[in-house]
Amino acid sequence: MNRTSRYPMRRILVFAVVMVVLVGVFIVKLVDVQIVRASELNVQAQDARSVPVTVYGARGDIVDAGGQVLADTVMRYDIALSPKQAMKGPVTREQPDPADPDKTIEVEVPLEQIAAELGAVIGLTGDQVQGIIAAALADNADSDFAFVAKLVDTATYEAVKALDIPWVVPYEHPSRRYPNGAVGGNLLGFLRDDDGEPLAGLELSENDCLASEDGEVTYLHSLKDWVRIPGTEVVHKEAHDGGTLRLTIDADLQFFVQRIAEEQRRAVGADWATVTVMEAKTGRLLAVADVPTIDPNDPAATAEGDRGSRTFTAPFEPGSTFKALTAASVINAGKGDPLSRITADYRYLPPNGANINDSFFHGPTPYTLTGVLIDSSNTGMSMFGERLTDQQRYDDMLKFGLGERTEVGFSGEEPGDLHGSPGEWDNQTKYATMFGQGLTTTAVQIASVYQTLANGGVRMPVSLVDGCSTADGETTKSVSEGSRVVSEKAADETTAMLERVYLEGWLADKWEIPGYRVAAKTGTAQVPDGQGGYLSGYLVSVSGFAPADDPEFVVSVSIMNPVKMNSSAASAPVFQEVMSQVLKKYRTVPSGAPAPELPATW
Amino acid sequence: MSALPAQSIPAPRRAIDRLRILRPASEVARRAKPRLAYAIIAVAGVAMIIVAQMLLSIAVTQGAYEVDAYQIAQSKLARQEQQLREDLDRVQSPQYLAANAEALGMVPNADPVYLRLSDGAVLGQPSAADGVARSTAPLVPNALIDGVPLVTEQQTGETPRQGNTPGAAGNAGGAIPAHAPAPPPVDGALPTPATH
């Protein structure tokens with residue numbers, strides 16, 4: 001019934017041997033593929049079918065105090081082509097058949113026409129596009145890659161895609177955009193175009209908040225139409241967006257202030273001008289104008305020296321605006337009050353050999369401290385200032401925040417120079433430092449001094465950034481109580497004297513703001529030439545605050561070398577316009593009672 | 001918990017009794033028929049599994065194409081949204097607003113006046129603004145609004161957009177065609193009301 005082999009054992013043996021050999025071969029191959037060449041083959045397989053794709057994290061926005069966007073990230077595109085492929089011949093394209101509108105015919109489009117079409121879209125001529133192809137091929141006959149346009153916007157990108165040229169590829173390239181142009185451009189800074197590296201301003205100093213992180217994913221795609229195969233996506237690195245940086249600046253006010261400053265700078269032919277608007281009770285900066293101002297959308301259009309914020313980076317000798325500080329120091333030390341009397345001539349020769357002159361001639365005048373400020377008498381100020389020791393005055397300057405960088409920590413901020421310490425002051429400097437010469441401060445430091453006087457003698461830390469909100473949460477700058485610099489009495493009496501300056505000074509009709517009480521002081525400072533002498537031009541300034549009965553806002557204006565109007569009359573209108581705009585914008589109620597009377601002479 | 005003891009009750013004895021009375025059945029009767037049925041069931045099962053697998057696979061693949069189409073539409077819409085946002089940001093920049101206000105003949109009044117509602121008192125000194133409209137456009141430059149037409153220069157109902165003008169900022173060496181094509185028609189496009 002059943003056929004059986006005569007040698008069953010032999011058959012089984014042969015079969016077993018064959019099996020062992022076969023399995024052996026399989027095992028060897030398996031080890032070879034899975035272990036010996038595993039990583040190499042893996043890479044090959046991935047390369048063949050999966051593409052690494054960069055997922056861009058968006059760099060954080062910079063917004064103003066009201067949330068208006070000052071800087072944001074947009075997607076731009078670099079257009080590249082393959083010169084090698086371009087030269088391979090005409091491109092076939094489907095067009096509606098002229099004979100039968102329902103059908104399409106394939107037409108061959110020559111390179112010249114394609115190049116002209118592409119050029120028209122990206123703003124080149126056809127010849128220029130062909131030139132790029134030719135140049136790339138001359139460099140390398142096998143060239144497969146050349147950029148034809150960089151950082152084109154979305155509309156151009158769509159237009160390029162619509163052309164559907166097989167050898168043209170667009171690449172994503174995140175870019176930065178500043179919708180308000182030069183508004184706050186001095187503060188924002190800018191990025192390098194090609195790699196997005198922050199180069200200046202807040203973009204640089206607050207990069208920790210703003211910086212994003214790009215991620216990477218790979219996935220497999222179908223060979224023909226590049227459709228992503230489901231379930232093959234591998235996230236190698238998560239992308240992270242940057243945080244949103246909120247400033248204390250108000251964009252509308254900043255625009256207004258920049259406009260006024262630039263208008264006046266051009267009118268008086270000045271080198272540059274800065275205007276600082278600060279909240280008197282908090283030290284928050286509402287506007288910081290530096291003109292000329294960079295438009296960060298196009299940094300190259302602005303001269304290199306004008307691309308930053310001089311408010312922070314350009315120390316100067318402040319001149320007479322500094323007298324308010326000396327007066328406050330004198331009152332704080334109990335060595336005088338607004339009615340203290342001296343008799344000052346136009347020249348004062350103190351015993352130590354210094355030589356102090358006023359900017360105008362006058363005979364011996366019976367000044368009160370108020371009168372010294374109204375007439376801005378250097379000799380009178382010297383007689384009050386010498387009632388204090390140099391060390392006392394120096395300590396007060398430090399308490400006012402001079403000689404060191406402000407809390408803002410702006411990139412490239414300068415600390416100013418108090419001419420070393422009192423030990424290094426020579427006889428002339430000892431007196432010059434009483435009325436703001438022989439030492440340097442930045443514009444923001446002067447604004448901070450006036451903020452201290454406006455705030456009853458309490459200096460608040462200067463702030464430009466309100467906070468940074470990231471996906472992880474919100475960080476807010478800690479609120480400081482501020483530090484007392486001079487007594488409230490000294491601050492209030494100085495304010496009262498500065499009100500008289502505003503009402504009786506020689507610019508009284510130029511800076512009048514009807515309805516408000518204002519405290520202000522002018523300055524016309526000589527500018528060191530860097531070799532121990534002074535230039536012929538002046539730095540003219542006005543600093544002050546309003547309303548004087550309950551100070552809310554500090555405005556400080558500095559104009560460098562106004563050749564057509566070399567006095568603080570150049571800065572007064574700016575102060576007037578900016579201050580009235582600030583009062584109007586923030587709905588400040590006009591003052592009621594008039595300023596207290598203080599006699600200027602006795 | 002209460003269900004457990006019930007399950008552990010031993011099976012009834014009857015099963016064992018039935019086992020005892022089993023006896024061999026005739027070989028032919030027991031084997032011939034079931035063999036074919038099993039084979040058919042097994043083959044049909046395998047075939048069904050294969051078909052189901054294929055259908056699932058087709059569905060997933062079809063889904064991938066759908067997902068891909070939606071992703072393309074989404075990125076198109078995202079680009080469109082970005083473009084519109086850029087246009088909006090441009091036209092709401094202070095420079096553009098100020099230039100428009102000036103073009104319409106508006107002038108700023110520097111003297112604030114307030115009316116106190118509690119007693120009707122007028123705070124501040126009212127005065128007329130000086131009637132000179134100043135051109136402040138170049139004072140605070142904004143490369144993004146170069147060439148964007150002011151309200152006074154536009155046709156009624158036209159929304160200003162930079163796409164209409166060549167020489168856009170921010171694209172080194174690039175420019176926008178004189179006649180920008182309308183945004184690509186996408187399913188579920190952003191509704192854009194005609195503004196007048």
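No lab work stands behind these numbers, since they all come straight from the coordinates. This is a predicted model, so every value here is computed, not measured. Please note: Cβ atoms are built from the backbone with ideal geometry, for glycine as well, and neighbour counts cover all protein chains shown.
Show which lysines lie in cross-link reach of residue A:281 when reach means a straight Cα distance below 30 angstrom and same-chain residues fewer than eight apart are skipped.
Residue A:281 reaches A:323, A:335, A:399, A:477, A:489, A:510, A:521, A:584, A:585.
Across peptide B:142-150, what mean number of C-beta atoms from other chains lies inside 10 Å of a residue's C-beta? All intermediate terms of the calculation are to be shown ahead of the outcome.
On the way: counts 11, 9, 8, 3, 3, 0, 0, 0, 0.
Whole-number average of other-chain Cβ neighbours for B:142-150 is 4.
Using only helices, what value at 222 nm comes out for chain A when you add -39,500 (n - 2.57) per DSSP H run of length 4 or more and divide by the total residues, to the nearest 500 deg cm²/dmol?
On the way: 19 runs with 195 residues, N = 602.
Roughly -9500 deg cm²/dmol at 222 nm, from the helical runs in chain A.
Looking only at Cα atoms, what is the convex hull volume of chain A per residue, in Å³? Could you put the intermediate results ahead of the total?
Details: hull volume 186.7 nm³, N = 602.
Per-residue hull volume (Cα only) is 310 Å³.
List the equivalent ellipsoid semi-axes of the stretch A:309-435 in whole Å, largest first, each obtained as the square root of 5λ for an eigenvalue λ of the Cα gyration tensor.
Values: eigenvalues 146, 44, 43 Å².
Computed over the stretch A:309-435, the values are 27, 15, 15 Å.
Could you size up the charge dipole of the protein assembly as shown around its Cα centre, putting +1 on the beta carbon of Lys and Arg and -1 on that of Asp and Glu, and report it in debye to the nearest 20? Display every interim value, and only then the final one.
Details: 66 positive and 97 negative charges, 1023 e Å.
Computed about the Cα centre, the dipole is about 4920 debye.
Tell me, what ³J(HN,Hα) does each residue in the stretch B:58-72 have, in order and in whole Hz, if you take phi through Karplus 6.51 cos²θ - 1.76 cosθ + 1.60 with θ = phi - 60° and put x for Gly and Pro?
Here the 3J(HN,Hα) series is 5, 4, 5, 5, 4, x, 4, 5, 5, 4, 4, 4, 5, 5, 5 Hz.
On a 0 to 90 degree scale, rounded to 10, what angle separates helix A:154-163 from the longest Cα axis of chain A?
Around 20 degrees separate the two axes.
Return one number: the angle in degrees, 0 to 90 and rounded to the nearest 10, between the long axis of the Cα atoms of helix A:251-268 and the longest principal axis of the Cα atoms of chain A.
60 degrees
Could you name the aspartates and glutamates in cross-link range of residue A:237, using Cα to Cα under 19 Å and dropping any fewer than eight places away on the same chain?
A:47, A:172, A:213, A:214, A:216, A:472
Straight-line reach from residue A:84: which lysines have Cα under 26 Å away, leaving out those fewer than 8 places along the same chain?
Excluding near neighbours in sequence, the set is A:150, A:161, A:224.
In whole Å, what is the distance between the alpha-carbon centres of the stretch A:511-536 and the stretch A:388-412?
Taking the Cα centre of the stretch A:388-412 as reference, the centre of the stretch A:511-536 is 19 Å away.
Hey, what angle do you get for helix A:390-399 against the long axis of chain A, alpha-carbon based, 0 to 90 degrees rounded to 10?
It is inclined by approximately 40 degrees.
Sort A:371-379, B:53-61, A:231-239 for me by packing, meaning the mean count of neighbouring Cβ atoms within 10 Å per residue, highest on top. Walk me through the numbers on the way to the answer.
Numbers: A:371-379: 25.8, B:53-61: 10.8, A:231-239: 12.3.
Output ranking for A:371-379, B:53-61, A:231-239: A:371-379, A:231-239, B:53-61.
Can you report the principal axis dimensions of the stretch B:30-91 using only the alpha carbons, biggest first, rounded to whole angstrom?
Here the Cα extents, ordered largest to smallest, are 90, 11, 6 Å.
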